[in-house]
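Below: one structure, written as structure tokens.
Quick note: the coordinates plus some simple rules give every number you see, no bench work behind them. Worth saying up front: this structure is predicted, and the values here are computed from it rather than measured. With ideal geometry, Cβ positions are generated from the backbone for all residues, glycine too; neighbour counts draw on all protein chains shown.
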Amino acid sequence: MAGRRTKTVKNYMRKPWVVIPTYNEIGNVEPLANALLDLAIPALQVLFVDDNSPDGTGELLEKLTCRFPGQVNVLHRTGPRGLGHAYGDGFRHALAAGATALVQMDADFSHQPQEAPHLLAALETADLVIGSRYVTGGGIDPAWAVQRRVLSSGGNLYARLILGLRTVQDATGGFRAWRRETLWGIGLERIHSQGYIFQVETTYVAHRLGYKIVEIPIFFPDRQVGESKMDLKIKIEATLRVWDVWRRHRRLTSQDRITESQ
Ligand SMILES: Nc1nc2c(ncn2[C@@H]2O[C@H](COP(=O)(O)OP(=O)(O)O)[C@@H](O)[C@H]2O)c(=O)[nH]1
Ligand SMILES: [Mg+2]
């Protein structure tokens, strides 16, 4: 109709959810919830998955759910803690609530909220979008020491080589957007990783199943508030687990995708 602009919401954008694992992020969750809601993405739901943080993050998140009813949600986990556990529970919760697209991101602003809409937009022609530090235009905080850079990019390269992930540049990054069908298709029960290796395992399974993975550049600034939970021991453990991921999933093909009616 002349003169009238109609906004059509893409099908996959009908119910977008952002899932954020938290452990001791009391200084970050409130500004992050505000920043995400300020993006004014229609129908956006934000879900924090807290692992019983001793610093009171969980209590603050409860207050945020009251301040933003129907927009901010929280899951309080009580079992063994871990990034993989938290994402597993968070994704399952969002899928059960009808999420059509799911963004995953860290709580510490290393994943910049203003880049989330770009990830969601790229999902139009992809099954999985990875915010990548290692494609042209992407980057890491220039303040990172050389040793930290080498460890980070070396770990990524190591995982890619073992898994034959030639087409994915950032297999360890955790700022991503998933179509509902892709998360269903990979089958969360197939994912065994409890910690940071979760990112690698989900990338590899999506790759083996033949899903279209698109990377878009992101800039990864260092956290300003709170402390990293990643230490050298966790990094070494994650490195060794790459072999286990390869062994368990190397025979998957697109025939092994799970559809929602199954
Ligand atoms: N729920 C939950 N979240 C976690 C756990 N470990 C880390 N996180 C969250 O995962 C994200 C990334 O962790 P971070 O310590 O920043 O890792 P780094 O960026 O690699 O240094 C942050 O939002 C953390 O709060 C955990 O055991 N449980
Ligand atoms: Mg961080």
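Among 181, 237, the ranking by other beta carbons within 10 Å of each residue's beta carbon, starting with the fewest, stands as 237, 181. Available extension along the chain between residue 11 and residue 231 is 75.2 nm, counting 0.36 nm per residue and deducting the alpha carbon span. Computed from the C-beta positions of residue 78 and residue 135 and an R0 of 41 Å, the FRET efficiency is 0.60 to the nearest 0.05. With the charge dipole of the chain set up from +1 on Lys and Arg Cβ and -1 on Asp and Glu Cβ about the Cα centre, the Cα lying farthest toward the positive end among the listed residues 86, 74, 131 is that of 131.
Considering only alpha-carbon pairs that sit under 8 angstrom and 6 or more positions apart, the relative contact order computed for the chain is 22 percent.
Here region 112-262 is assigned +1 on the Cβ of each Lys and Arg and -1 on the Cβ of each Asp and Glu. Its dipole about the Cα centre then comes out at about 500 debye. Among 236, 162, the order by Cβ neighbours within 10 angstrom, fewest to most, reads 236, 162.
Calculated mean residue ellipticity at 222 nm for the chain: -11500 deg cm²/dmol, from DSSP H runs with n ≥ 4 weighted as -39500 (n - 2.57), summed, divided by the residue count and rounded to 500. Rounded if a/c is under 1.5, else prolate if a/b beats b/c, else oblate: with a ≥ b ≥ c from the C-alpha gyration tensor eigenvalues square-rooted, which is region 1-108? Judged from the Cα gyration tensor, region 1-108 comes out prolate (a/c at least 1.5, a/b above b/c). The residues neighbouring residue 132, those whose beta-carbon lies less than 9 Å from its own, together hold a net charge of -1 under the Lys/Arg +1, Asp/Glu -1 convention. Toward the positive end of the charge dipole of region 11-248, with +1 on the Cβ of Lys and Arg and -1 on the Cβ of Asp and Glu, the farthest Cα among 156, 46, 17 is that of 156. Placing +1 on each Lys and Arg Cβ and -1 on each Asp and Glu Cβ, with no other charges, gives region 13-84 a dipole about its Cα centre of roughly 340 debye. For region 209-262, what does the alpha-carbon gyration tensor say about shape, rounded, prolate or oblate, given a ≥ b ≥ c as the root eigenvalues, a/c under 1.5 as rounded, and a/b over b/c as prolate? The shape class here is oblate.
When a/c reaches 1.5 or more, the comparison of a/b and b/c decides; with that in mind, is region 11-248 rounded, prolate or oblate per its Cα gyration tensor? Rounded is the answer for region 11-248, as its axis ratio a/c remains below 1.5. Dipole magnitude for the chain: about 1000 debye, using +1 per Lys or Arg Cβ and -1 per Asp or Glu Cβ, origin at the Cα centre. Counting beta carbons within 10 Å around each of 153, 132, 110 and listing the fewest first gives the order 153, 110, 132.
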